[in-house]
Amino acid sequence: MAPPADPFEITDDPVPTDPVPARRAVAPTAHLDGLNEEQRKAVTHTGGPLLVLAGAGTGKTRVLTTRIAHLLITGQTRPSQVLAVTFTNKAAREMLDRVASLIGGAADGMWLGTFHSVGVRVLRRHAELIGLKSNFTILDTDDQTRLIKQLLQAEGIDDKKWPARILSGIIQRWKDRALTPEKVSADDAGDFANGKAADIYRQYQARLAEVNAVDFGDLVMHCVTLWQQHPDILEIYHRRFRHILVDEYQDTNVAQYLWLRLLAQGTQDVCCVGDDDQSIYGWRGAEVGNILRFEKDFPGATIVRLERNYRSTPHILAAASHLIAHNEGRLGKTLWTDTKEGERISLRGVWDGDEEARTIGEEIEALQRDKHRLAQIAILVRAGFQTREFEERFITMGLPYRVIGGPRFYERQEIRDALAYCRVTVQHDDDLAFERIYNTPRRGLGESALRTLRIVQRAQKVSLFEATRRALETDELKARPRKALGDLIRSFERWRAMLDGMNHVEVVETILDESGYTDMLRMDRSPEAEGRLENLKELTNALQEFDSLPAFMEHVALLTDNAERSDGDMVSVMTLHAAKGLEFDTVFLPGWEEGLFPNQRALDDKGLAGLEEERRLAYVGLTRARKRAYVSFAANRRVFNQWQAAIPSRFLRELPTDQLAESSDAGLYATYSAGHHGGLREQASGFDYESLGVASGRRPRWRDETADDRRAVDGDKLDLSVGQRVFHQKFGYGRIVAVDGNKLDIEFEKAGSKKVLDSFIEAA
């Protein structure tokens, strides 16, 4: 029996040009029922390239799948002549199922998948033209890193200083830009790996060819190279595909853009669907410019704007549209809906992050009492470290929650590593913690050294830590691991001794610095590294709330135990990036402060482009809400164990006051809209935190203000003296024990002895 035909096989035979019979399994126009005017126009468009600008909640996926079905039902094409590309395998499966439902049967032979899955099919067919065999292997991330590490070692490059994992990420970003080794410039390569990064890349590609393998980035880049160098092969695909459709076009990178442009030369029926206002993945290579220049790339293109929203209330849509209108780099559209008005957006100012978590928790409890399902409530944060305060508050309240798109705060890798250092410092006999970090960061310790330690451990029935100490007194270990382990053991003993005389927060900071863990993350050039550093800073903030390191460790253990038992109806906590594509009845948007949102690193790295992407992120956050949106900011944030006064985000003044709830303070906007963002003092002097509901009778001090500046704003200072009874927002009532300039030693009635700044003190 002959093997079944491969539905994705490409032959050199010309595609049949005879008329395609219309499908009779469904009514000719039933698939168009329920479409609004703009959706119908996009589905039935003929005669050239089409860009569907699909705003949030406007039925993008329905339009795309219905257009495919329309082409098949009306007999305009065969399934094998349609190529539809999306970004995830899940989305591809859903689209395939929807198309099958609309046409009354499977669309056999249609190419519908991700850029990478389609790339695999192409490369399998023409592998020999790029120096591979058709049965090539696709390497995973670990294999890529291992191979690059071998190349670094062969070049005598220190893998500790120049980690293979980071170089692997750099190479993948080059591939996202379709940069083959010979196209990488000196500026692109920089000084990584002593200036040899581009050469390592060349060796890496050569080694992949030798072992008949590709990595993820090759699946698109090799297709681009293949089609550029072999026009005859490209012509085969030109004849094959009459209709090309691309989903989420705003998220394409340079290599995917070139891939599409080459393939689209063979047809005028190119349909791209996307939303320039939701392009939020620039940090991983997405180019919003791809969608902005569609009309230039495809002359004579038609643009259909889907602006009727089926998700949110008019107040939410008006606020989001007003906000995003401040971006210059956009094609422009305005969302609208004919649903009832609903609630206005709530804006709340709070004293600090703890109060923000508490007030949001209380609001959620109130919603829950009104029969609001927790599964329809989301908290969307700009940075992952912000989840910690909400997680701890919800555990205390007994409010079930889930963290989507990432682990819970105390389950993150960097937090688990830091906690493992703390556990061994407090309790040397914690074998699991010791084994976790004994070679993290890398100290040149491998499995051989660990096996030796385990042999000693079993023979003498002691902990792994004690076995290490005893092994150092023998010749069982080689010189390099003996030195590394000796340094580590002495460090743990020194850190443990510090706990008797130093503040436990300072001890943990010392551990993270002296162990090399903080430097390891600082050296990491991956997009995730900055967030991991922020998480470590948030960990030290959490430590500040406890009297000792053991008390904190016990607290974390209880939190983890409670978290594992959470199930059923739960609040969703996630970053704004993870929320794209989701929707909830009620959305809380905390932390709208300068430096946090918009993120300072985005502004520093990309300037105006970074600001506009941050604004698009704010737009995405608002448009996740169906019925209610709550925006909040804090007057203070504790960063790396230091309180810092926070400035409300510039995005707040871009929210129209007529879309805000009456409880929100309109005075903020009158003051803020007249301000600028160049100088801290100019911004600071205009805010009346008390009128915004901030729980403090005195305005926060700004880091670069002089005493004269403060007196000009605050008026007469409190006359603080030893013995005076005072109130602190966090620590409560107490009496001043000593005064040193603006620093006070206070014996609090409940919190004990604390050193605080006078700017946080009120007369009792």
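Across all C-alpha atoms in region 600-652, the radius of gyration and Dmax reach 13.6, 37 Å.
For LYS133, no lysines have a Cα falling under 16 Å of its own Cα, not counting residues fewer than eight places away in the same chain. Dipole magnitude for region 121-279: about 560 debye, using +1 per Lys or Arg Cβ and -1 per Asp or Glu Cβ, origin at the Cα centre. Multiplying the residue separation of VAL737 and LEU472 by 0.36 nm and removing their Cα-Cα distance gives an extension gain of 90.5 nm. Taking a ≥ b ≥ c as the square roots of the eigenvalues of the Cα gyration tensor, region 319-422 is oblate, since a/c reaches 1.5 or more and a/b is not larger than b/c.
Which FRET efficiency value, to the nearest 0.05, is calculated for LEU331 and ALA609 with the Förster distance at 22 angstrom and r the Cβ-Cβ distance?
So the FRET efficiency works out to roughly 0.85.
Heavy-atom accessible surface of VAL722, to the nearest 10 Å², is about 100 Å², with a 1.4 Å probe and all protein chains retained. In this rough spin-label picture, where each label sits 7 Å from Cα along the Cβ direction, the HIS322-GLU749 distance is 4.4 nm. Taking the longest Cα principal axis of the chain as reference, the axis of helix 115-125 is set at about 50 degrees. Could you check how many percent of all C-alpha pairs in the chain are farther apart than 46 Å? Cα-Cα pairs of the chain separated by over 46 Å account for 34 percent.
Measuring only protein heavy atoms, the 1.4 Å probe finds SER346 accessible over about 20 Å². Overall shape of region 461-563 was characterised from the C-alpha gyration tensor. The equivalent ellipsoid obtained from it has semi-axes of 28, 20, 14 Å, in decreasing order.
With N the number of residues in region 487-545, Rg(Cα) / (2.2 N^0.38 Å) evaluates to 1.23. Work through the residues other than GLY282 whose Cβ is under 11 Å from its Cβ and net out their charges, Lys, Arg +1 and Asp, Glu -1. Neighbour charge sum, excluding GLY282 itself: -3. In this simple spin-label model, placing a label point 7 Å from the Cα along the Cα-to-Cβ direction at both ALA479 and GLU94 gives a separation of 6.1 nm. Past 30 Å, Cα to Cα, is the threshold; run LYS160/LYS580; LYS340/LYS580; LYS161/LYS755; LYS161/LYS478 against it and keep the listed order. With Cα atoms farther than 30 Å apart: LYS160/LYS580; LYS161/LYS755.
So for region 132-270, what percent of the C-alpha to C-alpha distances run longer than 19 Å?
On the way: 5388 of 9591 pairs.
Across region 132-270, Cα pairs with separations above 19 Å total 56 percent.
Could you name the lysines in cross-link range of LYS41, using Cα to Cα under 25 Å and dropping any fewer than eight places away on the same chain? Answer for LYS41, where 25 Å is the Cα cut-off: LYS60, LYS296, LYS333, listed by chain and number. Magnitude of the charge dipole for the chain, about its Cα centre and with charges confined to Cβ atoms of Lys, Arg (+1) and Asp, Glu (-1), is about 1360 debye. Counting only residues at least eight positions apart within a chain, or on another chain, the lysines with an alpha carbon under 21 Å from that of LYS183 are LYS175, LYS196.
Please work out the Kirkwood hydrodynamic radius for region 393-488, using every pair of different C-alpha atoms, and report it in angstroms with one decimal place.
15.1
What you get for region 205-358, charging only the Cβ of Lys and Arg (+1) and of Asp and Glu (-1), is a dipole of about 460 debye around the Cα centre. The stretch between ALA375 and SER185 holds 63.5 nm of extra length on full extension. This uses 0.36 nm per residue minus the Cα-Cα distance. Between the beta carbons of GLN153 and SER101, assuming R0 = 45 Å, the FRET efficiency works out to 0.25 to the nearest 0.05. Please list, by residue number, everything in region 463-481 whose backbone N is under 13 Å from a paramagnetic label point 7 Å out along Cα→Cβ of GLU435. Under cut-off, by backbone N: 463-465. One chain, two ends: ASP500 and GLU235. Fully extended at 0.36 nm per residue, the span grows by 87.9 nm beyond their Cα-Cα distance.
For the chain, what is the mean residue ellipticity at 222 nm derived from helices alone (per DSSP H run of n ≥ 4: -39500 (n - 2.57); sum divided by total residues; nearest 500 deg cm²/dmol)?
-13000 deg cm²/dmol
Given a Förster distance of 51 Å, report the FRET efficiency between THR137 and PHE727 from their Cβ-Cβ distance, rounded to the nearest 0.05. The pair THR137/PHE727 has a calculated efficiency of 0.15.
Rg/Rh for region 514-635 (Cα atoms only, Rh after Kirkwood) is 1.01.
The values are calculated or read from the model by the stated rules, or taken from the named source; none is laboratory data. Treat the numbers as computed from the prediction; the structure is a model and nothing was measured. With ideal geometry, Cβ positions are generated from the backbone for all residues, glycine too; neighbour counts draw on all protein chains shown. For the accessible areas, the whole protein counts, side chains as well, though only heavy atoms, and no ligand, DNA or RNA atoms are used. Shrake-Rupley method; radii C 1.70, N 1.55, O 1.52, S 1.80 Å.
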